[in-house]
Structure formats: structure tokens, C-alpha cells
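A.B. asks: Sharing a structure, written as C-alpha cells. Questions coming.
The values are calculated or read from the model by the stated rules, or taken from the named source; none is laboratory data. Bear in mind that the values here come from a model prediction, so they are computed numbers and not experimental data. Cβ: placed from backbone, ideal geometry, glycine included. Neighbour counts: every protein chain shown. Just so you know, the surface numbers come from the protein's heavy atoms only, side chains and all, with ligands and any DNA or RNA stripped out. Shrake-Rupley method; radii C 1.70, N 1.55, O 1.52, S 1.80 Å.
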There are 2 protein chains.
Amino acid sequence: MTTQEVADKLVNLCSKGQFEEAMKALYSPGIVSVEAGAPPGQSRESKGIDAVRAKGEWWVANHDVHSVKVEGPLVAGSHFAVTFKLDITFKPEKRRFTMEEVALYKVADGQIVYEEFFYNM
Amino acid sequence: MTTQEVADKLVNLCSKGQFEEAMKALYSPGIVSVEAGAPPGQSRESKGIDAVRAKGEWWVANHDVHSVKVEGPLVAGSHFAVTFKLDITFKPEKRRFTMEEVALYKVADGQIVYEEFFYNM
């Protein structure tokens, strides 16, 4: 798949809330995932599909997604960007909030090998 | 200015090749600028408007811009992304090439305080 095809598929799946399916279909075993910030004592960076899948599973288990809006992609060479606008409830605290972020991806050999999320902490 | 207004102004100026005007109009004195890579012994990161302006002046002095296409912006909260597709000649080597990159920006108090460029080295 080209960068554009990977990007379009990611947008399509995430728009339907199918985050884990997107990961399964598109992520490289060597994926590196970087958050804007991390809890005290933890790393911003997750390396490898097992660590990134674990982060995703934690997220899905702990949030109710009321709506998700994905805009983009903007594609340039092997990189692309999208935005996520989420209306979610963090279940452990029953706290509902909206968040907006820019997500940046790098594609190699038809798979996502790097992702980084940009948002205010 | 809102993030959207800063982003629109950046796209407008850069689409006309007015990179230095964009910097003058929109960049914070404390701007941090991060490249995908750096020459040996140099940093990927430039800090402060003087260093970032010097980098920009070097770039403008050393490249002929045949065309520039700016796509976006995608805006989320205080961040936005655009893509640049450039057809340029590196003047010292008379070498003409195209490059594509995703640029990520952070806005605070109506000014760009952080930029990072994503492209293959």
C-alpha cells in the first residue's frame, strides 16, 4: 500500500471507532508510538506492537467513545497527518470531556512504523 | 489570533513563497524549530527567533524555489499540520529536486511557539 492508501484506510477505520482493527491491519511489528506526555515515571514512547497494542487495549477498556471525528489525511511522501476530535468518558472517574489532537504517522513498506500525537497536556 | 487564523495566515504566506514574512508575522520570540535530521555535529533543534531566522535566511539564500504547494491546514486545539511540496534547486550544487514534508505547529497566545518537520532523510 502507498502512504495515501494506508492513510485512507486508517481514517476510514478510526472514523468508525475501529481503533484496534486499524492497528491490526496497518501497524508494523516494530511500531514506535509517542504521546505528548506520560504519567510520572512512565515513558512517552511505546516500542513494538505488543507495547502499543497494550496501550490501545488499556485506552479502549477505560474510555467510552461518544463520538469521534477524523479529519484528513494530509499526505507528503512517507508521512501523513490527521486530526482526531473525540468526545469521551474516562470510565474510572466517570469524567466526560472532549479532546483534539494532531496525529503524525510514518509509513514504510506499506505499514505504519511511527506515530506521534500532539495535544496540550 | 486563534490557531485556525494563525494556520490560515501561514498557509497563505507560504503558498506565495513568503517564508520570511510568515516568520516575522507569526513566530514567537521563543520559537523552537525541529528538523527531521541535522548535519553531522549539529542539532536538529533551533531555539529562539534569532537562531530560527538564521536557519531560514540560510535556506532562502541557498535555494531557488521553482514551485511550492501548501496543503492544509488541519487544526486541532492548539496544534495544526500542513504539507509542503517543493520543487527547488540547491544553489551551491546546482541540484534541482522535489521534496515533500509534513509540518507540525503549536500555537500559544496567537503565535507559533513550536514547529517540527517530518520527511525522509
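A.B. asks: Please determine whether any residue of the range B:84-100 is on the phi > 0 side of the Ramachandran plot and either within 15 Å of the chain's Cα centre (by Cα) or not acidic (D, E) (or both). Before the answer, list the steps.
C.D. replies: Step one: filter the range B:84-100 for residues on the phi > 0 side of the Ramachandran plot, giving B:94.
This time we only want the ones that are either within 15 Å of the chain's Cα centre (by Cα) or not acidic (D, E) (or both), so: B:94.
Checking the range B:84-100: at least one residue is on the phi > 0 side of the Ramachandran plot and either within 15 Å of the chain's Cα centre (by Cα) or not acidic (D, E) (or both).
A.B. asks: What residue, among those in the range A:39-94 that are within 22 Å of A:D8 (Cα to Cα) and open to solvent by 70 Å² or more (accessible area, probe 1.4 Å), is farthest from the other protein chains (Cβ to nearest Cβ)?
C.D. replies: Across the range A:39-94, the extreme among qualifying residues is A:R53.
A.B. asks: Condition test on B:V68, is it in a strand (DSSP E or B), in contact with a Cys (Cβ under 9 Å, 6 or more places away or on another chain) and free of Cβ contacts under 8 Å to residues at least 60 places away in the same chain? Outline the logic, then answer.
C.D. replies: Values: in a strand (DSSP E or B): yes; in contact with a Cys (Cβ under 9 Å, 6 or more places away or on another chain): yes; free of Cβ contacts under 8 Å to residues at least 60 places away in the same chain: yes.
Answer is yes for this residue.
A.B. asks: Name the residues in the range B:95-121 that are surrounded by fewer than 18 Cβ atoms within 10 Å (Cβ to Cβ) and closer than 13 Å to B:E5 by Cα, would you?
C.D. replies: B:A108, B:D109, B:G110, B:Q111
A.B. asks: When you scan the range A:1-28, how many residues do you find that are more than 24 Å from B:V102 (Cα to Cα) and either open to solvent by 50 Å² or more (accessible area, probe 1.4 Å) or part of a strand (DSSP E or B) (or both)?
C.D. replies: 5
A.B. asks: Mind counting the residues in the range B:96-116 that are within 16 Å of B:T83 (Cα to Cα), at the interface with chain A (Cβ under 10 Å from one of its Cβ atoms) and not hydroxyl-bearing (S, T, Y)?
C.D. replies: Residues flagged as within 16 Å of B:T83 (Cα to Cα), at the interface with chain A (Cβ under 10 Å from one of its Cβ atoms) and not hydroxyl-bearing (S, T, Y) within the range B:96-116 amount to 8.
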